[in-house]
Amino acid sequence: MPIKYAKWSHRRRRVLLRITARIRTQNELEHSHQRGSEIHHSSSFAVDSRMLKSRSYLECLQSITDDSHEKREFTNEAIKILKHRSGTDGEDISVYNRTLREWYRSWAGSLARQVTYSPGFTDCVEKHKDDYLISFHNHPNGAAPSTEDINSALQNDYDECYTLGHNGTIFKYCGGKYEISQYICDQTIAKLEVIRYTEVEQSAELMRQLASIYKFTFEEVSGPWKRKE
């Protein structure tokens, strides 16, 4: 029995060391790529071309709508965004006007992990707030939508929103009835930090908890893509 316990303890220590090393590496990466700084180029933000061609991922994109025209439009737009920002932590946004069947795009942002709204894009969204608007924007780290995303959906009257992770995650959400308080958000994050979540896991759990408080929609359409060997 003592021998078995010793082996189990040694194995457990090795597992814990690997987990700790992975968390430390991830944290160092996040600190080196701060939101709002200049865009960084890194292989960690690369989009796997095999994912974009895989049946499972394409089916997830096409499951967003039942309309055959929109299936093609949404799939093509999502792939274009991911290809455009692959290998960087920059973000693009495209909004589809379902009423008029036209796109509004802002793809020239120069800040890391932050959507930049061009004047033309903002004018179009403001002009067509009463139409049915669906937004798509990429998340280089694959995380769930941020509180800024939720508040932006409310302010711009988006009817549906989707984040497209470079790792294959797709999250659907909409704005709540009122803006999320930064104090409530910080308090919720503080509770989550007690648990050893990865950034992606923490972001999703944060949105689940805030959704129950602020009564907005949040769900995962697709998880991280894993290549089959």
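General remarks:
- Filter result for Val200 (in contact with a Cys (Cβ under 7 Å, 6 or more places away or on another chain) and of a type in the set (Val, Ile, Thr)): no
- Tally of residues being among the charged types (D, E, K, R) and either buried (at least 19 other Cβ atoms within 10 Å of the Cβ) or under 16 Å from the mean Cα position of the chain (by Cα) (or both) across the range 81-122: 6
- Scanning the range 175-207 for residues that are within 18 Å of Cys161 (Cβ to Cβ) and either of a type in the set (Asp, Glu) or not assigned by TED's automatic domain parsing to the domain that holds Leu133 (or both) returns a single hit, Glu179.
- For the range 193-229, filtered to residues that are farther than 28 Å from Ile64 by Cβ and of a type in the set (A, V, I, L, M, F, W, C), the residue that is nearest to the chain's Cα centre (by Cα) is Ile195.
- Just one residue in the set Tyr57, Tyr96 is in a strand (DSSP E or B), within 17 Å of Thr163 (Cβ to Cβ) and assigned by TED's automatic domain parsing to the domain that holds Val125; that residue is Tyr96.
- Listed by position, the helices (runs of 4 or more DSSP H) inside the range 128-229 whose residues that are surrounded by 22 or more Cβ atoms within 10 Å (Cβ to Cβ) number at least 2 are 147-155, 199-214.
The values are calculated or read from the model by the stated rules, or taken from the named source; none is laboratory data. Because the structure is predicted, anything quoted here is derived from the model rather than measured. Neighbour counts are summed over all protein chains in view; Cβ atoms, including those assigned to glycine, are modelled from backbone coordinates with ideal geometry.
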